[in-house]
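**Student:** Shown below is the structure under consideration.
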Ligand code: AOS
Ligand code: MN
């Protein structure tokens, strides 16, 4: 049975990194709907990220994107972040917006373009030296639109060479996070299309290279929690770019489209004891808020990740392993669903630090599951858990 104090503690210690670009204006190729008050400078984006942290208590770092967040003095920017109560997180490279990159960046057939792109990766490590960032996050838009356009195998060689240069430039605890994406902007073949390609390059590079899973970058129906579980087992899961998708790389709020998927992912994290900052996974958001207010949307996303995590922490793992070992399919599935169907909002309502309980109506706990209601073994477990939830002191209102 999950220990609620341990669950609370784990939620307090959870860390979620926000992306600087999510605070600025964004849109589709059809229209960017500008919003009033969006940040104009890296400093203003940092101030917005600090606001998210103030309200959630679990988002103490913000990822930068270079050159979108280029400044003259990165140490000063780092100090500015610290004055605002947060720190600078992953440095994201941008080798997809220059005309030179029409046929690719580090995989381009032209060695001069490859040099320029690789130099940008090295520049990003220089910036990390000044910001104190640990993570160099690499996403390559490189790929082909037409069969025969370029040599698939040579492009892998060029990619490996650029990654090697960047890897050899790392020092201290710095590391590479290699993201993958099934398609877009390339439509026929992408040079890092999936976790397997990213994983193989990371293995070739060495221990300081790990995979970044962007939850929006898979074919429909892909079992992402399997990828999570596999990479954890190999010690090669370095980070997430959380967001939601309905169709492609929609970049909607994490946990909005498929909260059950997010729960299943977080269960694998909890299952591997990989939730703590010490384990080293960078739980980042990678989102754009095109029609909704940005800071509240990012707060909502952080809370959605926390809710999925809370449910994952509530899984009765001893009972689950026992049911699995006994081959009791329905009981095992029931135990997992039982945790997923628990309303954890009361657990989070006072804020993750638990010191700011907000008075408010009790939304749903008694209505959802009635303690004592006969729903079989799984139902009785749920009733017991809710009984404890309902009587917990940090709950804002009594049922
Ligand atoms: C692009 O599709 C990727 O998700 C990257 O993480 C990218 O750097 C980020 O979305 C900012 O554009
Ligand atoms: Mn991403």
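**Student:** In the stretch 158-183, what residues are over 25 Å from residue 281 (Cβ atoms) and within 16 Å of ligand 2 (Cβ to nearest atom)?
**Tutor:** Hit for the stretch 158-183 is 183, nothing else.
**Student:** Taking the stretch 205-219 as the search range and keeping residues that are outside any strand (DSSP E or B), farther than 13 Å from residue 159 by Cα and touching a helix residue (DSSP H, G or I) at 6+ places or on another chain (Cβ under 7 Å), which one is nearest to ligand 1 (Cβ to nearest atom)?
**Tutor:** 215
**Student:** Quick one: how many residues across the stretch 306-330 are within 26 Å of the chain's Cα centre (by Cα) and either part of a loop (DSSP other than H, G, I, E, B) or within 15 Å of residue 251 (Cα to Cα) (or both)?
**Tutor:** 2
**Student:** Follow-up. Kindly establish whether residue 124 is within 16 Å of ligand 1 (Cβ to nearest atom), in contact with a strand residue (DSSP E or B) (Cβ under 6 Å, 6 or more places away or on another chain) and part of a helix (DSSP H, G or I).
**Tutor:** Judged against the criteria, residue 124 is a match.
**Student:** Can I ask one more? I need a count of the residues in the stretch 124-157 that are within 16 Å of ligand 2 (Cβ to nearest atom) and buried (at least 21 other Cβ atoms within 10 Å of the Cβ).
**Tutor:** 9
**Student:** Go through the stretch 228-244 and count every residue that is free of Cβ contacts under 8 Å to residues at least 60 places away in the same chain, touching a strand residue (DSSP E or B) at 6+ places or on another chain (Cβ under 7 Å) and either within 14 Å of ligand 1 (Cβ to nearest atom) or farther than 24 Å from residue 89 by Cα (or both).
**Tutor:** Number satisfying all stated conditions: 3.
**Student:** May I ask you to list the residues in the stretch 9-44 that are within 16 Å of ligand 2 (Cβ to nearest atom), out of contact with any helix residue (DSSP H, G or I) (no Cβ under 7 Å at 6 or more places or on another chain) and closer than 16 Å to residue 58 by Cα?
**Tutor:** 17, 19
**Student:** Could you give me the residue pairs with C-beta distances under 6 Å whose first residue belongs to the stretch 196-220 and is over 25 Å from residue 171 (Cβ atoms), whose second residue is away from ligand 2 (no atom under 15 Å from the Cβ) wherever it lies, and which are 6+ apart or on separate chains?
**Tutor:** none
**Student:** Only one of (1) part of a helix (DSSP H, G or I); (2) modelled with pLDDT under 95; (3) touching a helix residue (DSSP H, G or I) at 6+ places or on another chain (Cβ under 7 Å) is not met by residue 373, so which one is it?
**Tutor:** Answer for residue 373: the failing condition is (1).
**Student:** Okay, moving on. Is one or more of the residues making up the stretch 26-39 away from ligand 1 (no atom under 15 Å from the Cβ) and either closer than 30 Å to residue 338 by Cα or within 20 Å of the chain's Cα centre (by Cα) (or both)? Lay out the reasoning, then the answer.
**Tutor:** Just the residues of the stretch 26-39 that are away from ligand 1 (no atom under 15 Å from the Cβ), to begin with: 30-31, 33-39.
With the extra rule that they be either closer than 30 Å to residue 338 by Cα or within 20 Å of the chain's Cα centre (by Cα) (or both), the set shrinks to none.
No, the stretch 26-39 contains no residue that is away from ligand 1 (no atom under 15 Å from the Cβ) and either closer than 30 Å to residue 338 by Cα or within 20 Å of the chain's Cα centre (by Cα) (or both).
**Student:** Another question, if that's okay. Here's a check for you: in the stretch 282-295, which residue that is in a loop (DSSP other than H, G, I, E, B) and away from ligand 1 (no atom under 16 Å from the Cβ) is surrounded by the fewest Cβ atoms within 10 Å (Cβ to Cβ)?
**Tutor:** Initial filter on the stretch 282-295 (in a loop (DSSP other than H, G, I, E, B)): 286-293.
Filter once more, keeping what is away from ligand 1 (no atom under 16 Å from the Cβ): 291-293.
Numbers: 291: 8, 292: 13, 293: 13.
The selected residue is 291.
**Student:** Still on this structure, please answer the following. Mind checking which pairs have a first residue in the stretch 141-170 that is more than 12 Å from residue 201 (Cα to Cα) and touching a residue at least 60 places away in the same chain (Cβ under 8 Å) and a second that is part of a loop (DSSP other than H, G, I, E, B) and within 16 Å of ligand 2 (Cβ to nearest atom), Cβ under 7 Å, 6 or more apart or different chains?
**Tutor:** none
**Student:** Now a separate question. Yes or no: the stretch 258-267 includes at least one residue that is in a loop (DSSP other than H, G, I, E, B) and more than 16 Å from ligand 2 (Cβ to nearest atom).
**Tutor:** Looking for residues that are in a loop (DSSP other than H, G, I, E, B) and more than 16 Å from ligand 2 (Cβ to nearest atom), one finds at least one in the stretch 258-267, hence yes.
**Student:** State the number of residues belonging to the stretch 182-204 that are over 14 Å from residue 105 (Cβ atoms) and either in contact with a strand residue (DSSP E or B) (Cβ under 7 Å, 6 or more places away or on another chain) or in a helix (DSSP H, G or I) (or both). Give the derivation first.
**Tutor:** Filtering the stretch 182-204 down to residues over 14 Å from residue 105 (Cβ atoms) leaves 182-184, 187-189, 193-204.
Now narrow it down to the ones that are either in contact with a strand residue (DSSP E or B) (Cβ under 7 Å, 6 or more places away or on another chain) or in a helix (DSSP H, G or I) (or both): 182-183, 188-189, 195-204.
Qualifying residue count for the region: 14.
**Student:** Give me a count of the residues in the stretch 220-243 that are out of contact with any helix residue (DSSP H, G or I) (no Cβ under 9 Å at 6 or more places or on another chain) and within 16 Å of ligand 2 (Cβ to nearest atom).
**Tutor:** 3
**Student:** Also: Please state which of the following conditions residue 298 fails to meet, knowing it meets all the rest: (1) part of a helix (DSSP H, G or I); (2) closer than 22 Å to residue 339 by Cα; (3) within 16 Å of ligand 2 (Cβ to nearest atom).
**Tutor:** With respect to (1) part of a helix (DSSP H, G or I); (2) closer than 22 Å to residue 339 by Cα; (3) within 16 Å of ligand 2 (Cβ to nearest atom), residue 298 is out only on (2).
**Student:** What is the one condition in (1) within 20 Å of residue 167 (Cα to Cα); (2) in contact (Cβ under 8 Å) with a residue 12 or more places away in the chain that residue 119 does not satisfy?
**Tutor:** Residue 119 satisfies all of (1) within 20 Å of residue 167 (Cα to Cα); (2) in contact (Cβ under 8 Å) with a residue 12 or more places away in the chain except (2).
**Student:** Take residue 110 and tell me if it is in contact (Cβ under 8 Å) with a residue 24 or more places away in the chain, surrounded by fewer than 21 Cβ atoms within 10 Å (Cβ to Cβ) and either farther than 20 Å from residue 184 by Cα or within 16 Å of ligand 1 (Cβ to nearest atom) (or both).
**Tutor:** On the way: in contact (Cβ under 8 Å) with a residue 24 or more places away in the chain: no; surrounded by fewer than 21 Cβ atoms within 10 Å (Cβ to Cβ): yes; either farther than 20 Å from residue 184 by Cα or within 16 Å of ligand 1 (Cβ to nearest atom) (or both): yes.
Against the criterion (in contact (Cβ under 8 Å) with a residue 24 or more places away in the chain, surrounded by fewer than 21 Cβ atoms within 10 Å (Cβ to Cβ) and either farther than 20 Å from residue 184 by Cα or within 16 Å of ligand 1 (Cβ to nearest atom) (or both)), residue 110 does not qualify.
The values are calculated or read from the model by the stated rules, or taken from the named source; none is laboratory data. Note that the structure is predicted; figures quoted are calculated from it, not measured. Glycine also receives a Cβ, built like all others from the backbone with ideal geometry; neighbour counts cover every protein chain displayed.
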